[in-house]
Protein chains: 2
Amino acid sequence: MIFNTEELLAQLQDALERDEFDSAIHLIEVLRGPDQAMLFAELDDDEQVELLPKLDLSDSADILEDLDNPETAKLAASLPVETIARIVDEMEPDKAADLLGDLTDQQTQAVLARLDDADEVRPLLIHPDESAGGLMTSEFLALRPLMTAQEAIEALRNWDPDSEEIYYLFVADEKKQLCGVVNLRQLILASDNTLIENLMDGDVISVNTGADQEECARTMAHYDLSAIPVVDEDGLIMGVITHDDIVDVLEEEATEDVYRLSNISNSELDPDSSIKEQLKGRLPWLYLNTLTALFGAWVISNYEQVIAQAAVLALFQSVVAGQGGNTASQNIAMAVRTLATERVSTKTQRRIIIRQIFMGLILGIAVGAVVALGVYLWRGNIYLSFVLGLALVANLSLGSMVGILVPLGLEKIGIDPALASSVLVTAATDSMGFFIFLSLAAHFLKQIQ
Amino acid sequence: MIFNTEELLAQLQDALERDEFDSAIHLIEVLRGPDQAMLFAELDDDEQVELLPKLDLSDSADILEDLDNPETAKLAASLPVETIARIVDEMEPDKAADLLGDLTDQQTQAVLARLDDADEVRPLLIHPDESAGGLMTSEFLALRPLMTAQEAIEALRNWDPDSEEIYYLFVADEKKQLCGVVNLRQLILASDNTLIENLMDGDVISVNTGADQEECARTMAHYDLSAIPVVDEDGLIMGVITHDDIVDVLEEEATEDVYRLSNISNSELDPDSSIKEQLKGRLPWLYLNTLTALFGAWVISNYEQVIAQAAVLALFQSVVAGQGGNTASQNIAMAVRTLATERVSTKTQRRIIIRQIFMGLILGIAVGAVVALGVYLWRGNIYLSFVLGLALVANLSLGSMVGILVPLGLEKIGIDPALASSVLVTAATDSMGFFIFLSLAAHFLKQIQ
């Protein structure tokens, strides 16, 4: 960002500590909305509670719009209901609905009762946060097909939204049925008496209120749209999703992928989340992984006598298991991101699977040969080197194969490949790695000892 | 998407096979631009080369704009220079520059010489693809401060860009110095004689031509901008980046994070990339990981005699190492995504580090206790259970600590935490895990045997 947050934060906290609220408010007010929120988020909880009610209502609204959801709700809940209502009135309806959704039912009802424009927010409350209905704003202007360009501009003039930006103007008939889209530039360039129905593009891309937020974001990204209308089952226009929402959604989905691949099930966690929240999102996956690790230990236990006679095997079993796992992780990462960002046809899937099996074989030979050579130089036992090299070729090939088959298979049966691939595949590469290496070694036990 | 790609693709390939080009062209033409590209991308290479020159120039341009870069260049290179030039003329200048940048120098010069509007594309060729200059389009309209609203609308009327959408109108003085921004709605609502300088907002957020694409995307996302002007060192306006570009950039950066965390260094790889490209992006990381795994083997080799006397230790050493690694991966994932999407103040960093160390201790106790109990029930040796449990507590605590310290530290010294964290941290959790478990076990060797 353009300013030095650390410095500004120090000044702000200093002012708050000395109860110099005017200068504190001034420090915030000169910033742009998103910067206000960023600075505000750095304050301690009690400083936030102290400062917020003293700020301008529209600044408070900007700040609450930009803060993270759980933070916003906690902060808002600490304010008097009347104050919340005044701030919510200034917020964009979709953000207002998000905030109200995070409050208790009682608080929500109390705030709604005090709002100036409760009717704008109320319909948004019924949709889940992660659906098109939860993302959309009810603040849109729908033109009529039989308006003239001049009438449309007049309507635009009389409309006073909380957000300054307009991307497209949607056209709906008297039943509110979506029937077209006009971009602002076309409207300006048209002569005064042109009918909207002659200006509009009747081929409008829309999403349903129940559509998942990722589907909305992907559709907008695919068609390069800066806004998309949301319709109900009857095609009636209910709201509009704008481009700033899709950036948030895509970031959320990317974080979810990274987290799930790293065995965290709650994508809202960050390193600063409460211990309790982190335990809930992390411990079950650690337990699951521990279970598969103990299965790996059981595989090894079948070769305990072999290891007792050649303890050197204990050095290298993890190398075989681990490199199979690393190869598989590479495949999972590529499969997960590819499935997330594009469509993969059946034909392409077949080609990919064959390519990745071949890839695993090549990687296995490349890694196996080098390790075999290195370990021969270190331990001087050609049989050990041979067994290790061969086990690596086999486990990297198998790792590469399950690393592509598992995510593609999970996607096919409707499970998010990011969620389960990593634990399933690691279980496979670990136990297979131990089994292949130790069972091979058992055959050459005399020579390895 | 709205149509069934598999079915449409089958029809299209069928038509091409029977040389029924008219019906093939019709199948494509009825689709929207991005859908045309998606379907076209599914064709085999020779089918693409055959079909592209037969399509309408503007359809070809749409398709080339939406295909992946390497594909586009390969395809374009197969066409006659004159055909490429005609198609490039129809493309948006930023996409045209991307395409020309991927051709050989000779081809690029030949195409440039034949373009109708080479001057729009030429200046874009000097900027690296991943910079603001490489993302921006030179197709923008800059208003003058002393124009009236009516003159501005007249200017807009006479302007005929390849892209239909306009988000903001930027204002520049006679030296091309950026001095303000007007949104289209304000322009419409203004009375005819209002001067642009009275309409415009003088507080314009811009980026420099050399700014990294991620910085541009983050700035636009932070301020919810649908377009941002790009200026040179003297503040002269050089181009505009639009919202569709930032979605691509954020997706690219997210893929880069996932790939780097999974040890793939080239974020353009996908499961369908050529064996050669995949080897280049994957094998060096596998070798690096193998090296750290062999270091782990060396750590174990110091306890070879201990294992020879108690082979049961070989079963559980990997459980300790692996669960430390999993805990650390969770921390790395949270740290990488948090650093990628928001600013973390020094104060917050300190709090996070303390929290994660504490977190590791709790996770260690939770996992250690369960594994100790389970292994006691399985093997019936209380000393083994005790050593294993204690080693897990220690390694999960250490894993959690390095899992937060390493990414934060890398970020501080300007290295992408996603790139190196995973290999460094795994090396640590593996060798520490082996060392802690085996050295503890060595103390209780008699009781474990």
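Kindly indicate the residue of region A:256-274 that is polar (S, T, N, Q) and under 24 Å from A:THR338 (Cβ atoms) and also nearest to the other protein chains (Cβ to nearest Cβ) among those meeting that condition. Here the answer is A:SER262. When A:LEU135 is tested against (1) under 30 Å from the mean Cα position of the chain (by Cα); (2) in the same structural domain as A:GLU47 (by TED's automatic domain parsing), only condition (2) is not met. Selection of helices (runs of 4 or more DSSP H) fully inside region B:1-116 by the criterion of at least 3 residues being away from chain A (no Cβ under 14 Å) returns B:5-17, B:21-29, B:45-51, B:57-66, B:69-77, B:81-90, B:93-102, B:105-114. A:ASP117 satisfies every condition listed in (1) at pLDDT below 85; (2) touching a Phe, Trp or Tyr at 6+ places or on another chain (Cβ under 6 Å) except (2). Of note, A:ALA149 satisfies the criterion of being farther than 18 Å from A:GLU92 by Cα, buried (at least 20 other Cβ atoms within 10 Å of the Cβ), within 14 Å of another protein chain (Cβ to nearest Cβ) and among the aliphatic types (A, V, I, L, M).
Applying the condition of being at the interface with chain A (Cβ under 8 Å from one of its Cβ atoms) and of a type outside the set (Val, Ile, Thr) to region B:357-379 and asking which residue is farthest from B:ILE404 (Cα to Cα) yields B:GLY374. Residue-level check: of (1) within 30 Å of B:ALA310 (Cβ to Cβ); (2) surrounded by fewer than 18 Cβ atoms within 10 Å (Cβ to Cβ), A:ARG343 misses just (1). Within region A:284-317, if we keep just the residues that are free of Cβ contacts under 8 Å to residues at least 24 places away in the same chain and within 18 Å of B:TYR303 (Cα to Cα), the residue that is surrounded by the fewest Cβ atoms within 10 Å (Cβ to Cβ) turns out to be A:GLN305. Condition check for B:GLU268 on (1) surrounded by fewer than 21 Cβ atoms within 10 Å (Cβ to Cβ); (2) more than 30 Å from A:ILE332 (Cβ to Cβ); (3) touching a residue at least 40 places away in the same chain (Cβ under 8 Å): one failure, at (2).
Name the residues in region B:132-146 that are assigned to a loop (DSSP other than H, G, I, E, B) and either surrounded by fewer than 16 Cβ atoms within 10 Å (Cβ to Cβ) or within 14 Å of chain A (Cβ to nearest Cβ) (or both), would you? Once the filter is applied, which keeps residues that are assigned to a loop (DSSP other than H, G, I, E, B) and either surrounded by fewer than 16 Cβ atoms within 10 Å (Cβ to Cβ) or within 14 Å of chain A (Cβ to nearest Cβ) (or both), region B:132-146 yields B:GLU139, B:PHE140, B:LEU141, B:LEU146. If you scan region B:186-233, which residues turn out to be charged (D, E, K, R), part of a helix (DSSP H, G or I) and surrounded by fewer than 19 Cβ atoms within 10 Å (Cβ to Cβ)? B:GLU197, B:GLU214, B:GLU215, listed by residue number.
Would you confirm whether or not region A:240-255 contains a residue that is assigned to a loop (DSSP other than H, G, I, E, B), touching a residue at least 60 places away in the same chain (Cβ under 8 Å), within 28 Å of B:GLU253 (Cβ to Cβ) and within 10 Å of chain B (Cβ to nearest Cβ)? Within region A:240-255, not a single residue is assigned to a loop (DSSP other than H, G, I, E, B), touching a residue at least 60 places away in the same chain (Cβ under 8 Å), within 28 Å of B:GLU253 (Cβ to Cβ) and within 10 Å of chain B (Cβ to nearest Cβ).
Residues of region A:300-356 that are in a loop (DSSP other than H, G, I, E, B), under 23 Å from A:VAL371 (Cα atoms) and at the interface with chain B (Cβ under 8 Å from one of its Cβ atoms): A:ALA311, A:VAL312. Screening A:GLY399, A:GLY374 for residues that are crowded, with 22+ Cβ neighbours inside 10 Å and in a helix (DSSP H, G or I) leaves exactly one candidate, A:GLY399. Confirm whether B:VAL402 is touching a Pro at 6+ places or on another chain (Cβ under 9 Å), closer than 18 Å to B:ILE354 by Cα and in contact (Cβ under 8 Å) with a residue 60 or more places away in the chain. Criteria not met by B:VAL402.
Would you please name the residue that is nearest to A:ARG185 (Cα to Cα), looking only at residues in region A:117-164 that are polar (S, T, N, Q) and in contact with a strand residue (DSSP E or B) (Cβ under 9 Å, 6 or more places away or on another chain)? In this case the residue turns out to be A:THR148.
May I ask you to list the residues in region B:356-401 that are β-branched (Val, Ile, Thr), closer than 17 Å to B:PHE437 by Cβ and touching a Ser or Thr at 6+ places or on another chain (Cβ under 8 Å)? Answer for region B:356-401, where residues must be β-branched (Val, Ile, Thr), closer than 17 Å to B:PHE437 by Cβ and touching a Ser or Thr at 6+ places or on another chain (Cβ under 8 Å): B:VAL367, B:VAL370, B:VAL371, B:VAL375. Any residue that is in contact (Cβ under 8 Å) with a residue 60 or more places away in the chain, closer than 22 Å to A:LEU315 by Cα and assigned by TED's automatic domain parsing to the domain that holds B:ALA333 - is there at least one of those in region B:408-417? Scanning region B:408-417, I find no residue that is in contact (Cβ under 8 Å) with a residue 60 or more places away in the chain, closer than 22 Å to A:LEU315 by Cα and assigned by TED's automatic domain parsing to the domain that holds B:ALA333, so the answer is no. Looking at region A:156-175, can you tell me whether even one residue there is in the same structural domain as A:PRO34 (by TED's automatic domain parsing), over 30 Å from the mean Cα position of the chain (by Cα) and surrounded by fewer than 21 Cβ atoms within 10 Å (Cβ to Cβ)? No, the conditions are met nowhere in region A:156-175. When each of B:ALA333, B:ALA369, B:ALA328 is tested for being surrounded by fewer than 16 Cβ atoms within 10 Å (Cβ to Cβ) and touching a residue at least 12 places away in the same chain (Cβ under 8 Å), the lone residue that passes is B:ALA369.
The values are calculated or read from the model by the stated rules, or taken from the named source; none is laboratory data. Please read these numbers as outputs of a predicted model, since none were measured by experiment. Note that we place each Cβ from the backbone using ideal geometry, even for glycine, and neighbour counts take in every protein chain shown.
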